[in-house]
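The values are calculated or read from the model by the stated rules, or taken from the named source; none is laboratory data. What you are looking at is a predicted structure, and each value in this text was computed from that prediction instead of being measured. As a convention, Cβ positions derive from the backbone with ideal geometry for all residues, glycine included, and neighbour counts pool all protein chains shown. These area figures cover heavy atoms from the full protein model, side chains too; ligands, DNA and RNA do not enter into them. Shrake-Rupley method; radii C 1.70, N 1.55, O 1.52, S 1.80 Å.
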Amino acid sequence: MNSVCPHDCPSACSLVVTVTDGHVAAVAGDPDHPFTAGVICGKVHEYAERVHSPLRVRTPLRRTGPKGSGEFARISWDEAIAEIVRRWRGIIAEDGAEAILPFSYAGTMGRIQYHAGHPFFHALGASRLDRTICVSTAYAGWRGTLGAVTGSDSEQMVGADLILLWGVNAAYTTINVMTLVKRARDRGARVVCLDPYRTRTARQADEHLMVRPGTDGALALAVMHVLIDEGRVDRAYVDRATVGYDRLAEHVRPYSPAAVASIVGLPAETITRFARLYGSTKKSFIRAGIGLSRHDNGGMTCRAIACLPALTGAYADANGGALLSSTDAFGLDLAVLERPDLMPRPAPRLINMIKLGRALTDARLAPPIRSLYVYNSNPAAVCPNQELVLRGLAREDLFTVVHEQVMTDTALHADLVLPATTSMEHMDLYKSFGHLYVQLAEPVIPRVGEAKPNWEVFGRLARAMGLTDPHFSKSEEQLIRELLASGDESVKGITLERLREERSIRLNLPRPYLPFANGAPTPSGKVEFYSGTFEALGLPPLPAYAPLVEGPENAELSRRYSLQCIVPPNRFFLNSSFSQSELLRARQKRPTVLVAPADAGARGIRSGDRVRVYNDRGAAVFTAEVTDDTRAGVAVIEGIWWHRFQAGGRGVNVLTSDRVTDLGGGPALHSNLVEIEPA
Ligand SMILES: Nc1nc2c(c(=O)[nH]1)N[C@H]1C(S)=C(S)[C@@H](COP(=O)(O)OP(=O)(O)OC[C@H]3O[C@@H](n4cnc5c(=O)[nH]c(N)nc54)[C@H](O)[C@@H]3O)O[C@H]1N2
Ligand SMILES: Nc1nc2c(c(=O)[nH]1)N[C@H]1C(S)=C(S)[C@@H](COP(=O)(O)OP(=O)(O)OC[C@H]3O[C@@H](n4cnc5c(=O)[nH]c(N)nc54)[C@H](O)[C@@H]3O)O[C@H]1N2
Ligand SMILES: [Mo]
């Protein structure tokens, strides 16, 4: 049977599921899907174990012990709904609905189940959640240059002569890109990977530029300097499709390779050679990752990189250009699902999700947050400033409801846990942020236990809370029809009936798809080297490099914490999902910190030692791996383990900050200073 991978990954794979006696027996990649091409990751290959996990939540549960203890008793759905309604009515009467905060992110990327709570919480008048934890910064930077978050079709990179894998560990985070990279390489394409450490992706490249974290903005400015200085600019493209070239040329003059070499941590000659290679290859495809943006200066970094193909004219080449995400290629009107019109006016307050710990513990917040409803997310593990998040979740007076598939670290802190269906058990429509196909998935097995889809639970809650808008009685099918009908040309003619027949349909976009061949959907209609929008907001109007707030240039802090610590994904978990799997935990081995030999030597640390990594925000225990896969001064902690599986009971996110980046309100997850000592 057919399905779609629901996880927060650009690949949105088309799956073939073998079902035996109502159980998922095996999951494979659809060999006929043009992007999946039969290849899926090691996580989803083991999906049967996730769907039928011993940690699966099968019935509603009520807490019977202290918060976090995991002591629960089984209750019925009717009892659970009645209790939520009783508690919320009381809270609303005393403090108003803003005392209730929904918390969700991307447990599922299916549009119906992702947005299921928006209309309900809008109609209730609850606090709004600003969902910034992942792409906000990157998208704000990209939009600054290009006006839209889209780019050349991934499949076009097969014909490229040069591929830059820039701040993306595709071999872990979107494996199908590596299928395309391999095909390009077989044709003779050169592949350059830019990453502070030697990832699995870097190993598969022809060249790895081991940049210092958070300095790609300076590197991009130096590349522009060389392109302009050496006349490697496509004047015809610049004249027809861009604005601000003269001011950019002036602006990048100080950023010579020699001037940025010590910032970026690469020899000036390497930077010059890289710039010349880029400048002399029209068929150059930049696949940029979100990792770039998870720094204090990450928005501007993405904006700067998006300028590069506009200088060489690669945006107009059938095998060139750049792609960060294809999200805006899907012309669907999500207001159909989110229903902002149901909100009271003025709109309720907006709370940035990365500041959850602060919001739950801030005594000055009026009204205070008295109830938290979590779905599609595991904030106890994934949010920065974990100590503060856990302090908030431990509040005895916080009424916490967690709708989950598995008993996460967050669910352990709930007053009520509600069982959620997986993508194998409910219906949904999927877009993608890496390819251009709309896909439909329908249930392939019966619901496990008493699990219910998000949309059904919010329907029940709406009725129980007396919300009468007809929206709440629509079926998932009806919502999918309305969403498809809301779309622009890109989805015209794509109907539920056709999707039932074909499962996956490419957007109505030309091949090759070159959205910036002649300009961009910015206010000027051009690729904006100079942004009037940024200028009006008081932001630097040209792509700018600023050193990290929490980095080596912060002299005071780096005296105490001399190592930069980046925290990218690991191979066998997806954010904190799959940490429930005994099989995948065994493959992932143990929570590990990569340390360069010089740093390890200076601290008396050997491979295999237990070490304590700490800063002012907290401390967690890891096993050290001493390796020249990372450079001196940079420690790497991959992945998010549920902290109950980590010695000391604390995870990587005690180290990360809830400080916002330069653009978009996202987290600077990779801008951390830490110290390491033997445990
Ligand atoms: N296996 C697995 N796959 C995943 C996920 C997962 O957790 N595990 N998460 C999913 C999600 S939610 C997302 S958003 C995507 C994210 O996937 P990507 O777009 O790949 O982004 P990140 O994984 O955040 O970071 C990618 C790379 O950027 C590098 N990096 C960090 N700082 C810098 C820098 O300053 N400069 C440069 N050049 N590189 C830097 C990191 O070392 C990392 O190797 O992956 C998805 N896929
Ligand atoms: N240290 C560090 N921290 C990070 C990152 C990092 O790279 N390093 N990455 C950040 C990024 S990119 C992201 S996107 C966030 C991700 O943060 P989250 O979106 O919270 O990601 P997950 O850990 O995958 O948790 C999703 C949860 O949703 C549940 N779920 C799945 N489907 C459904 C459903 O249909 N209904 C309900 N009710 N629940 C469901 C899953 O069981 C899972 O526990 O984490 C961020 N945090
Ligand atoms: Mo993400």
Task: Single residue of Ser11, Ser3 found to be within 16 Å of ligand 1 (Cβ to nearest atom) and either polar (S, T, N, Q) or assigned by TED's automatic domain parsing to the domain that holds Phe578 (or both) - done: Ser11
Task: Of all residues making up region 67-86, the number that are open to solvent by 40 Å² or more (accessible area, probe 1.4 Å) and in contact (Cβ under 8 Å) with a residue 60 or more places away in the chain - done: 3
Open item on the list: So, restricting to strands (runs of 3 or more DSSP E) that lie completely within region 530-618, which ones have at least 2 residues that are open to solvent by 60 Å² or more (accessible area, probe 1.4 Å)?
Closed with: 610-615
Task: Contacts under 8 angstrom Cβ, first residue in region 200-214 being on the phi < 0 side of the Ramachandran plot and hydroxyl-bearing (Ser, Thr, Tyr), partner open to solvent by 30 Å² or more (accessible area, probe 1.4 Å) and within 16 Å of ligand 2 (Cβ to nearest atom), 6 or more apart - done: Thr201/Tyr172
TODO: Given the conditions (1) more than 14 Å from ligand 2 (Cβ to nearest atom); (2) open to solvent by 20 Å² or more (accessible area, probe 1.4 Å), report the number of the one that Leu15 does not fulfil.
DONE: (2)
TODO: Output the number of residues of region 130-164 satisfying the condition of being more than 17 Å from the chain's Cα centre (by Cα) and either among the aliphatic types (A, V, I, L, M) or within 13 Å of ligand 3 (Cβ to nearest atom) (or both).
DONE: 8
Open item on the list: Show me the helices (runs of 4 or more DSSP H) found entirely inside region 196-310 where at least 2 residues are in contact with a strand residue (DSSP E or B) (Cβ under 8 Å, 6 or more places away or on another chain) and surrounded by fewer than 21 Cβ atoms within 10 Å (Cβ to Cβ).
Closed with: 268-279
Task: Residue match in region 420-427 (condition: surrounded by fewer than 20 Cβ atoms within 10 Å (Cβ to Cβ) and touching an Asp or Glu at 6+ places or on another chain (Cβ under 9 Å)) - done: no
- [ ] Answer with yes or no whether Arg500 is of a type outside the set (Asp, Glu) and assigned to a helix (DSSP H, G or I).
- [x] yes
Open item on the list: Taking the conditions exactly as written (closer than 30 Å to Ile305 by Cβ and modelled with pLDDT of 95 or more), does Leu393 satisfy them or not?
Closed with: no
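Each row is one residue, and each column tells you yes or no for (1) within 16 Å of ligand 3 (Cβ to nearest atom); (2) within 30 Å of Val438 (Cα to Cα).
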position: Leu514; (1), (2): no, yes
position: Cys565; (1), (2): no, no
position: Leu574; (1), (2): yes, yes
position: Ser581; (1), (2): no, yes
position: Arg585; (1), (2): no, no
position: Gln588; (1), (2): no, no
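Going by what's in this entry, would Ala138 be described as under 30 Å from Asp32 (Cα atoms) and within 15 Å of ligand 1 (Cβ to nearest atom)?
no
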- [ ] Enumerate the pairs (first residue in region 30-49 and open to solvent by 30 Å² or more (accessible area, probe 1.4 Å) and within 15 Å of ligand 2 (Cβ to nearest atom); second residue anywhere and not in a loop (DSSP other than H, G, I, E, B) and not charged (D, E, K, R)) with beta-carbon separation below 7 Å, excluding pairs fewer than 6 apart on the same chain, so at least 6 apart or on different chains.
- [x] Glu46/Leu583; Glu46/Leu584; Glu49/Leu583
Open item on the list: Going residue by residue through region 337-351, is there one that turns out to be more than 23 Å from Ala517 (Cα to Cα), in a strand (DSSP E or B) and either within 22 Å of the chain's Cα centre (by Cα) or not hydroxyl-bearing (Ser, Thr, Tyr) (or both)?
Closed with: yes
TODO: Answer yes if at least one residue in region 540-551 is within 19 Å of Leu655 (Cα to Cα) and of a type in the set (Asp, Glu), and no otherwise.
DONE: yes
Open item on the list: For the list (1) away from ligand 2 (no atom under 16 Å from the Cβ); (2) in contact with a strand residue (DSSP E or B) (Cβ under 9 Å, 6 or more places away or on another chain); (3) closer than 26 Å to Ser377 by Cβ, I need the number of the one condition that Leu129 fails.
Closed with: (1)
TODO: State whether one or more residues within region 96-116 are in the same structural domain as Thr361 (by TED's automatic domain parsing), free of Cβ contacts under 8 Å to residues at least 12 places away in the same chain and of a type outside the set (D, E, K, R).
DONE: no
Open item on the list: I'm told Ala318 meets every condition in (1) part of a loop (DSSP other than H, G, I, E, B); (2) touching an Asp or Glu at 6+ places or on another chain (Cβ under 9 Å); (3) more than 13 Å from ligand 1 (Cβ to nearest atom) except one. Can you identify the failing condition by its number?
Closed with: (2)
Open item on the list: Only one of Val448, Val374, Val389 is assigned by TED's automatic domain parsing to the domain that holds Pro348, assigned to a strand (DSSP E or B) and surrounded by 21 or more Cβ atoms within 10 Å (Cβ to Cβ). Can you tell me which?
Closed with: Val374
- [ ] Would you mind finding the one in Leu219, Leu248, Leu209 that is among the aliphatic types (A, V, I, L, M) and more than 26 Å from the chain's Cα centre (by Cα)?
- [x] Leu248
- [ ] Test each condition in (1) under 22 Å from Phe572 (Cβ atoms); (2) within 16 Å of ligand 1 (Cβ to nearest atom) for Ala25 and report the one that comes out false.
- [x] (2)
TODO: Go through the residues of region 185-198 one by one and say whether even a single one is within 16 Å of ligand 2 (Cβ to nearest atom), touching a residue at least 24 places away in the same chain (Cβ under 8 Å) and closer than 29 Å to Leu342 by Cα.
DONE: no
Open item on the list: For region 331-354, check the following and say yes or no: at least one residue is within 16 Å of ligand 1 (Cβ to nearest atom), within 25 Å of Arg235 (Cβ to Cβ) and open to solvent by less than 20 Å² (accessible area, probe 1.4 Å).
Closed with: no
TODO: Could you give me the residue pairs with C-beta distances under 6 Å whose first residue belongs to region 157-172 and is in contact (Cβ under 8 Å) with a residue 24 or more places away in the chain and under 9 Å from Lys283 (Cα atoms), whose second residue is of a type in the set (Ser, Thr, Tyr) and more than 16 Å from ligand 2 (Cβ to nearest atom) wherever it lies, and which are 6+ apart or on separate chains?
DONE: Asp161/Thr281; Leu162/Thr281; Leu162/Ser284
Task: Residue check for Ser423: within 16 Å of ligand 3 (Cβ to nearest atom), in contact (Cβ under 8 Å) with a residue 24 or more places away in the chain and either of a type outside the set (A, V, I, L, M, F, W, C) or in the same structural domain as Tyr375 (by TED's automatic domain parsing) (or both) - done: no
